[in-house]
Amino acid sequence: MALVYSQSPCQAAGVFTTNVVKAAPVKWDKKVVDTSPYVQAVVINSGIANACTGQEGYDCCAETAQAAGKLLNIPEDSVLVASTGVIGAQIPMDK
């Protein structure tokens, strides 16, 4: 897991898939890019893709962004989330 943080708010842009199936981080990040005035952090997970995980996977993105926002004292909607790895597995949030 990695955390990238900018002390200054940053403009964000993104190019997102038009595929019908989208991983939870793709959905979360699209919402952030479309609605938030800036971003300041990216939390990156390697090992579990958080793809094909339904609402639980999306909730994991929200919980991750909330925890990072609290730790960094920034809004959770300024945190992007990225994951790569096994498809269909849930992220063990207790870790």
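Mean silhouette area of the chain, derived from the convex hull of its C-alpha atoms and averaged over all directions, reads 5.8 nm².
Helical runs assigned H by DSSP (4 residues or longer) give the chain a calculated mean residue ellipticity at 222 nm of -11000 deg cm²/dmol, each run adding -39500 (n - 2.57) before division by the residue total. Per-peptide packing, taken as the mean over residues of other Cβ atoms within 10 Å, places 66-74, 87-95 in the sequence 66-74, 87-95 from highest down. For LEU80, the amide hydrogen comes within under 5 Å of the amide hydrogens of GLN40, ALA41, VAL42, VAL43, counting only partners 5 or more places away or on other chains and with H modelled in the peptide plane. For LYS22, the aspartates and glutamates whose Cα comes closer than 18 Å to its Cα, not counting residues fewer than 8 places off in the same chain, are ASP34, GLU56, ASP59. Between VAL32, VAL21, VAL42, the residue with the greatest mean-square fluctuation in the GNM of the chain (Cα pairs under 10 Å linked by springs) is VAL21.
Rounded to whole numbers, the Karplus 3J(HN,Hα) couplings from phi for the stretch 5-11 are 9, 10, 5, 9, x, 10, 5 Hz, using 6.51 cos²θ - 1.76 cosθ + 1.60 with θ = phi - 60°, and x at Gly and Pro. Backbone amide hydrogens, once placed in the peptide plane, bring GLY85 within less than 5 Å of GLY47, ALA49, excluding anything fewer than 5 places away on its chain.
For the chain, what proportion of DSSP beta bridges, expressed in % and rounded to the nearest 5, is antiparallel?
40 percent
Couplings 3J(HN,Hα) for the stretch 82-94, derived from phi with the Karplus relation 6.51 cos²θ - 1.76 cosθ + 1.60 (θ = phi - 60°), are 10, 9, 8, x, 5, 8, x, 8, 7, 6, x, 5, 5 Hz, where x marks Gly and Pro. Candidates THR35, THR18, GLY85 compared by Cα position along the dipole of the chain: farthest toward the positive end lies THR18, with charges placed on Cβ. Charge tally around MET1: other residues with Cβ under 15 Å, Lys/Arg +1 each, Asp/Glu -1 each, net -1.
Only the coordinates and a few stated rules stand behind these numbers; no lab work does. Remember, it's a predicted structure, so these values are computed and weren't measured experimentally. Note that each Cβ is placed from the backbone with ideal geometry, even for glycine, and that neighbours are counted across all protein chains shown.
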